[in-house]
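Student: Input: one structure, supplied below.
Where a number appears in this text, it was derived from the coordinates with a stated rule and is not lab data. Please read these numbers as outputs of a predicted model, since none were measured by experiment. All Cβ positions, glycine included, derive from the backbone under ideal geometry; neighbour counts span all protein chains shown.
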């Protein structure tokens, strides 16, 4: 692995990390930039996977040393990735524009059902804590009452 390959791998990894980080943000513009960065990272990965440049693959004649020909598949995949990224960008721009028109901002709010579930879980957690406190005996500062509660209660003859 050469220094150029290592540098390309680090740049691709950094672009993918930055793209996924932006995808996890709450604003739609950051989401859009995350998709754009992921598209660029994918194109760079495909071009790096193609290997070194070679002779054009379409020559019109069959040659014996075709190992030096360039592989056309990564180039075709890169073109496809460019088209997909462009279409997704236009779609997300339309969503961002519509969200801005409706709400005046592009931040994604929590779903009403998600908020309701979170409130129910918080309420259940609080109710469970309250029930635990009510079930515990009240602590007394009198040492004799504490020692009485720690003693074993006498068993009846039927239990023995």
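Student: At 0.36 nm per residue, and after removing the present C-alpha to C-alpha distance, how many nm does the segment from residue 132 to residue 89 gain when stretched out fully?
Tutor: Roughly 10.2 nm would be gained on extension.
Student: With 10 angstrom as the radius, rank 3, 83, 12, 108 by how many other C-beta atoms surround their C-beta, starting from the fewest. Each step should come with its number before you reach the end.
Tutor: Numbers: 3 7, 83 10, 12 20, 108 13.
Lowest count first: 3, 83, 108, 12.
Student: Just to be sure I understand the model, the point goes 7 Å from the Cα along the line to the Cβ. What's the resulting residue 102 to residue 20 distance in nm?
Tutor: 3.0 nm
Student: Sticking with this structure for a sec: Using 15 Å as the cut-off for backbone N distance, which residues of the stretch 31-48 belong to the label zone defined by a point 7 Å from the Cα of residue 80 along Cα→Cβ?
Tutor: Hits in the stretch 31-48 for residue 80 at 15 Å: 42-43, 46-47.
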